[in-house]
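**Q** Okay, here's the structure, questions in a sec.
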Amino acid sequence: MSLQSFQMYINGESCEAVSAARFDSMDPSCAQPWASFPDANGDDVDIAVKAADAAFNGRAWRSLTATARGKLLRKLGDLISENGEQLAQLESRENGKLIRETRGQLAYLPEFFYYMAGLADKIEGETLPIDKPDMMAYTVREPIGVVAAIIPWNSPLYLTAIKVAPALAAGNTIVIKPSEHASASIVALAQLAEQAGFPAGVLNVVTGYGPSAGSALTSHPLVRHIAFTGGAATARHVVRASADNFAHLSLELGGKSPQIVFPDADIDSAVNGIVAGVFAASGQSCVAGSRLLIHESIYEEVLQKVADRAARIKIGKPSDADTEMGPMTTEAQLNIAENMVATALEQGAVLRHGGKRPDVNGGWYYEPTLLECQSPTDTLMQEEVFGPVAAAIPFKTEEEALALANDSRFGLAAGIWTRDIARAHRLCRDVRSGIIWVNTYRVVSAMAPIGGFGDSGYGREGGIDAVLSYTEKKTVWINLSSEPMADPFVMR
Ligand code: TXE
């Protein structure tokens, strides 16, 4: 079968790597190569970053009013909407996410561009009530410069949109390095940006591997901000790379998010929230609710319902409309899930459902898996799987539930299931986590910040915070006096 061939996109043109090298990308639903991409190295990254820097300083982009920038973003949102089916197909093909999920995500994706488009001309400075006579001072928010966006494979379009839309709304330029496992949808997005009318060099995509293209990008001296979503080990390289030129950083690194279920909860809702939280996208979601903390009085009932629903989940090809769970995106990720389940069983965990690789087309599938752990210190209660694996443990009191919830070095998301409004607010106050969902799970919006506490990273994507994080604040002092400047050794 011949592979689909994609190019990368630098300075307004589709291109090959300088070395002409290419790499293949696999279709996880059948473990066969399906596409090939230019294998960029430091030379290509250098060309892309210099193009982005030239565009940042060039008239075509710089002289656009903020309102005009907003209009370009709005146009890009419209084009994403018009080409939603093609983008949904590409993402489903490259990372194995269900077509019905990628269609759903694509139906919402334009909203990120519309929201940020609306903010582009509302990035305001302040006039300061300064305490010096004859002085006026005000602040201006300016774009930072070239942004490097490092994207993982699990939700490439969504994770690119929440970086590109605010970065461009604020007037920056960007070089995107998609995952080597999922680059096709991002190259397609770049072509839509060209159609929308963004000047050459404003949005660039380099395709390639992390240690070559990714590392050359994050350590490039002209990069001023790095927006990274991925794993903690890679994030440590990125943080070190940023030290050379003190680039701004935002890091979103996943988690081990708790789902806390109290006896007064609507149990069926909680079960649906748990199933959606940890088995959707085959658990390959940064906010996967993978730690189930369940009150002892309903523990057995909830576990049984989750296990029953897991047993009925229809595993199959992501392109089939009735499939409920598709493959894992990479063989490495499948091995991680399998090894972590094996470790949990060695540590005494009880398997309630799953734990096997179903044979579907030779693809990288793993069953929805539910285990009961013995201790909150078990590996499975502490470490992210990034696969369809839930670890459960009972609690007796609200105090114990809170202690368990906070017994994690991560802090990205938490689900709280209760009808007691005071208890819900107490836990919202005390659980250390960047997102808390009460009686719901996995809801996102362009208007709502996303980001973590602790090892889940720092910085916020989404909402007004996001656009401001792509700006520098400048303070301007004006001497209002018509008197000559005073003697320099007399302080004002
Ligand atoms: O991600 P990596 P991997 C977690 C999840 C998973 C683990 C590892 O637990 O098991 O991370 O996954 C680029 N300099 N998440 O190895 O390596 C890489 O090419 C610069 C959580 O697949 O972090 C890709 O574009 N860039 C998560 C991006 O980093 C480098 C999403 C992410 O890949 C680089 C994915 C380097 N030295 C995994 N090395 C979430 N938060 O949603 C690699 N990259």
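Throughout, read-outs are computed from the coordinates displayed, never taken from laboratory work. Everything quoted here is computed from the prediction, not taken from an experiment. All Cβ positions, even for glycine, are placed from backbone atoms using ideal geometry, and neighbour counts span all protein chains on display.
**Q** Out of 158, 146, 116, whose Cα points farthest toward the positive end of the dipole of the range 75-183 (charges: +1 Lys, Arg; -1 Asp, Glu; placed on Cβ)?
**A** Value computed over the given set: 158.
**Q** With θ set to phi - 60°, apply the Karplus curve 6.51 cos²θ - 1.76 cosθ + 1.60 along the range 132-147 and write out the HN-Hα couplings as whole Hz, x wherever there is a Gly or Pro.
**A** So the J values, rounded to whole Hz, are 10, x, 6, 10, 10, 9, 9, 10, 10, 9, 10, x, 8, x, 7, 9.
**Q** Dipole of the chain (Lys/Arg Cβ +1, Asp/Glu Cβ -1, origin at the Cα centre): which of 287, 459, 486 lies farthest to the positive side?
**A** 486
**Q** Right, something else. Rounded to the nearest whole Å³, what is the per residue volume of the convex hull around the Cα atoms of the range 258-438?
**A** So the per-residue Cα hull volume is 105 Å³.
**Q** At 222 nm, what value in deg cm²/dmol follows for the chain if DSSP H runs of at least 4 each add -39500 (n - 2.57) and the sum is divided by all its residues, to the nearest 500?
**A** Taken over the chain, the calculation gives -11500 deg cm²/dmol.
**Q** Which angle from 0 to 90°, rounded to the nearest 10, does the C-alpha axis of helix 66-82 make with the longest principal axis of the chain?
**A** 30 degrees
**Q** Under Stokes-Einstein, with the Kirkwood radius over Cα pairs standing in for Rh, what whole-number D in µm²/s applies to the range 5-155 at 37 °C and 0.692 mPa s?
**A** Rounded, D is 173 µm²/s.
**Q** Over the chain, calculate the relative contact order: mean separation of alpha carbon pairs under 8 Å at least 6 apart, over the residue count, as a percent. Walk me through the intermediate numbers first.
**A** Details: 1138 pairs, mean separation 89.6, N = 492.
Averaging sequence separation for qualifying contacts and normalising by length gives 18 percent for the chain.
**Q** Follow-up. Might you report the magnitude of the Cβ-based charge dipole of the chain about its Cα centre, with Lys and Arg at +1 and Asp and Glu at -1, to the nearest 20 debye?
**A** On the way: 42 positive and 57 negative charges, 145 e Å.
Charge dipole, the chain, about its Cα centre: 700 debye, nearest 20.
**Q** Considering the dipole of the chain built from charges on the beta carbon (Lys and Arg +1, Asp and Glu -1) around the Cα centre, which of 387, 405, 133 is farthest to its positive end?
**A** Positive-most Cα among the choices belongs to 133.
**Q** Could the peptides 120-131, 60-71 be put in order, highest first, of the mean number of other beta-carbon atoms found within 10 Å of their residues?
**A** 60-71, 120-131
**Q** For a protection proxy built on the mean count of beta-carbon atoms within 10 angstrom, sort 424-431, 369-376 highest first, please.
**A** Taking the mean over residues of other Cβ atoms within 10 Å, the ranking is 369-376, 424-431.
**Q** Multiply the residue gap between residue 377 and residue 86 by 0.36 nm, knock off their C-alpha separation, and tell me the result in nm, one decimal place.
**A** Between residue 377 and residue 86, full extension yields an extra 100.3 nm.
**Q** At 0.36 nm per residue, and after removing the present C-alpha to C-alpha distance, how many nm does the segment from residue 131 to residue 3 gain when stretched out fully?
**A** Length difference between fully extended and current span is 39.4 nm.
**Q** Share of antiparallel DSSP beta bridges in the range 103-260, in percent to the nearest 5?
**A** Numbers: 2 of 20 bridges.
Close to 10 percent.
**Q** Using only alpha-carbon positions, what ratio does the radius of gyration of the chain give when scaled by 2.2 N^0.38 Å?
**A** 1.04
**Q** Go through 44-54, 315-325 and give me the packing order, highest mean Cβ count within 10 Å leading.
**A** The peptides rank, most packed first, as 44-54, 315-325.
**Q** Taking the Cα of residue 473, stepping 7 Å toward and past its beta carbon, and measuring to each backbone N in the range 135-152: which are under 13 Å?
**A** 138-142
**Q** Now for a separate question. Between residue 30 and residue 209, what's the calculated FRET efficiency when r is the beta-carbon distance and R0 is 25 Å? Round to 0.05.
**A** Approximately 0.65, to the nearest 0.05.
**Q** Treating the beta-carbon of each Lys and Arg as +1 and of each Asp and Glu as -1, no other charges, what is the dipole magnitude of the range 52-197 about its Cα centre, to the nearest 20 debye?
**A** On the way: 15 positive and 16 negative charges, 37 e Å.
Result for the range 52-197 is approximately 180 debye, rounded to the nearest 20.
**Q** Out of all DSSP beta bridges in the chain, what portion is antiparallel? Express it as a percent rounded to 5.
**A** Values: 27 of 68 bridges.
Antiparallel bridges make up about 40 percent of those DSSP assigns within the chain.
**Q** Can you list the residues, at least 5 places off or on another chain, whose amide H is less than 5 Å from the amide H of residue 330, using H built in the peptide plane?
**A** The answer is none.
**Q** Would you give the gap between the C-alpha center of the range 389-450 and the C-alpha center of the range 157-176, rounded to a whole Å?
**A** Centre-to-centre distance over Cα atoms comes out at 29 Å.
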